[in-house]
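Reviewing the structure listed below.
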Amino acid sequence: MSDTYIVNGHIIDSRNNIDEIGDLHIADGKIAEIVRSRKSADDQTADVYDATGLVVVPGLIDMHVHLREPGYEHKETIATGTAAAAAGGFTSVACMANTSPVIDTAEKIEQIYNIANETAETNVFPFGSITKALAGAELTDMRGMYSAGAVGFTDDGVTVMNAALMRDALTLSAELDFPIMVHCEEHNLNADAVMNLGETSRKLGLIGSPKAAEDIIVARDIMLAEMTGGHLHVLHVSTAGAVELVRQGKKRGVHVTAEACPHHWILTDAEVENQGTNAKMHPPLRTQIDIDAIIEGLRDGTIDAIATDHAPHAPSEKAEGMVDAPNGIIGLETCLPLVLTYLVQPGYLTLAEAIAKMTDVPANILGIDRGTLSVGSVADVTVIDPNSVKRVDKTESRSKSQNTPFDGWELKGWKTITLREGKKI
Ligand code: DOR
């Protein structure tokens, strides 16, 4: 394989504290060298990519994606979901277990790796479920799934309501050092809810879910992580209360990490009035107070990672109306420009801080050897044009689904190329 040089780019690699102009040399699918002073490639046979004015970062990692295969291939497949990921600048995705059947055995973990090997454009790292069939009644064989390559465990989409099961899952997490990723909504408080409980739900006559539904489970699970020493990862934080609980947990030394999704720090529940079911997800869009708290959490490190919760649903399903339509929105292709436009441009995060939350940090949480440009590491690389301005057009999405509330939004800071193991995807 010939060498590739990405020259004169703004290279960011938080693991190695690199944030400067330089040349990246890739050989045999690995990072060969970073030359910090301007140097043109002298090898005439090499591929040379001029990255003047562009940002060169480790391939982005989305630690929260629904690829829907097996079972819901009308919404997405591993092939189409990872094509959307690559289009959005991601080279690795971690996929959720709420497929049909649920990913709840070692064989099913292997099956995801096998399909991904044949069809995926990006690396795919599967989660196994915490409970069998997501039924909340019996723990899965997490030990076996972990040996088969599961990068963590989650019943995402539903909460494990039995605290004793969560205790046992976190006890095993402490022993084997994998993360337990929790969806936090007290089922009895959000039963039948289709949005946040507040002014808009009352105006529209829709059943709302109180913020307490999330906060109660976040508090419970932090206590269980404290008790067991397990690694708790709070998925898609949506409330100010949850941010504060994670902050306090970290202060006490609990092994708790957290992620937030763009829609939860950009949109409020008022959006339901404009967007209908494209603003329906679990947990729901909240209020400006929550947005401000999530952004503060991202700034002060309480919220470690940025993830999408890419949740594709077919147009016919999303057309069923607020009460019956499924929860979720797609996010892989809009995440990066939303981060640059809404977090970096206003100065909430530096570019390096934002990129760390999409590379080094999720790699560490998942324990995967990605997310860095260290010499010798796999050459997964994303090149970003921070000044490119483009309107989101859902009809151009590589996903099988088009359920985005950001259609038509003008965003600044899109990826230009994505390399996986040194090859363009
Ligand atoms: O909105 C959501 N959709 N939240 C989840 O947790 C699950 C996801 C899905 O699977 O559609």
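Determine, from the Cβ-Cβ distance of His187 and Tyr348 and an R0 of 25 Å, the FRET efficiency 1/(1 + (r/R0)^6), rounded to the nearest 0.05. Efficiency for this residue pair is about 0.15. Counting charges near His233 (Lys, Arg +1; Asp, Glu -1) among other residues having Cβ under 11 Å from its Cβ returns a value of -4.
Here the convex hull built on the C-alpha positions of segment 194-341 has a volume of 106 cubic angstrom per residue. Here segment 380-400 and segment 93-107 have alpha carbon centers that stand 28 Å from each other. Charge tally for Ser100 (other residues, Cβ to Cβ under 13 Å; Lys, Arg +1; Asp, Glu -1): -1. Using the 1.4 Å probe convention, the accessible area of segment 110-159 works out to 39 Å² per residue with neighbouring protein chains retained. Once the C-beta distance of Thr52 and Ile289 is scaled by a Förster radius of 41 Å, the resulting FRET efficiency is 0.45 to the nearest 0.05. Prolate is the label for segment 73-147, because the ratio a/c of its alpha-carbon gyration tensor axes (a ≥ b ≥ c) is 1.5 or higher and a/b is greater than b/c.
Three principal axis extents describe the C-alpha atoms of segment 1-131; from largest down they are 52, 30, 24 Å.
For segment 260-365, rounded, prolate or oblate, judged on the Cα gyration tensor with a ≥ b ≥ c (square roots of eigenvalues), a/c < 1.5 rounded, else prolate if a/b > b/c? Note, shape of segment 260-365 comes out prolate. Computed on the Cα atoms alone, the convex hull of segment 163-247 gives a volume of 81 cubic angstrom per residue.
The residues neighbouring Ser147, those whose beta-carbon lies less than 14 Å from its own, together hold a net charge of -3 under the Lys/Arg +1, Asp/Glu -1 convention.
When the chain is modelled as a GNM with alpha-carbon springs shorter than 10 Å, which of Pro346, Pro326, Pro101 fluctuates the most? Residue with maximal mean-square fluctuation among Pro346, Pro326, Pro101: Pro346. Can you tell me what share of the DSSP beta bridges in the chain is antiparallel? A percent to the nearest 5 is fine. Around 50 percent of the beta bridges assigned by DSSP in the chain are antiparallel ones. Take the Kirkwood radius over Cα pairs of segment 229-310, plug it into Stokes-Einstein at 20 °C and 1.002 mPa s, and you get 167 µm²/s for translational diffusion.
Where only DSSP H runs of four or more residues are counted, the chain gives -8500 deg cm²/dmol as its mean residue ellipticity at 222 nm, each run worth -39500 (n - 2.57).
Sorted largest first, the spans of the alpha carbon positions of segment 319-419 along the three principal axes are 50, 30, 26 Å. Taking the protein heavy atoms of segment 136-200 in the context of the full set of protein chains, the accessible area attributed to carbon and sulfur is 47 percent at 1.4 Å. When the C-alpha to C-alpha distance is required to be over 27 Å, the pairs from Lys318/Lys424; Lys211/Lys415; Lys394/Lys415; Lys394/Lys424; Lys211/Lys251; Lys108/Lys400 that qualify are Lys318/Lys424; Lys211/Lys415. Pairwise Cα distances in the chain exceed 43 Å for 8 percent of all pairs.
DSSP bridge analysis restricted to segment 1-156 gives an antiparallel fraction near 50%, rounded to the nearest 5. Annotation: peptides 115-126, 381-392, ranked by per-residue average of other Cβ atoms within 10 Å with the highest first, follow the order 115-126, 381-392.
The values are calculated or read from the model by the stated rules, or taken from the named source; none is laboratory data. These numbers come from a predicted model, not from an experiment. With ideal geometry, Cβ positions are generated from the backbone for all residues, glycine too; neighbour counts draw on all protein chains shown. Please note that ligands, DNA and RNA were not included when accessible areas were found on the heavy atoms of the full protein model with its side chains. Shrake-Rupley method; radii C 1.70, N 1.55, O 1.52, S 1.80 Å.
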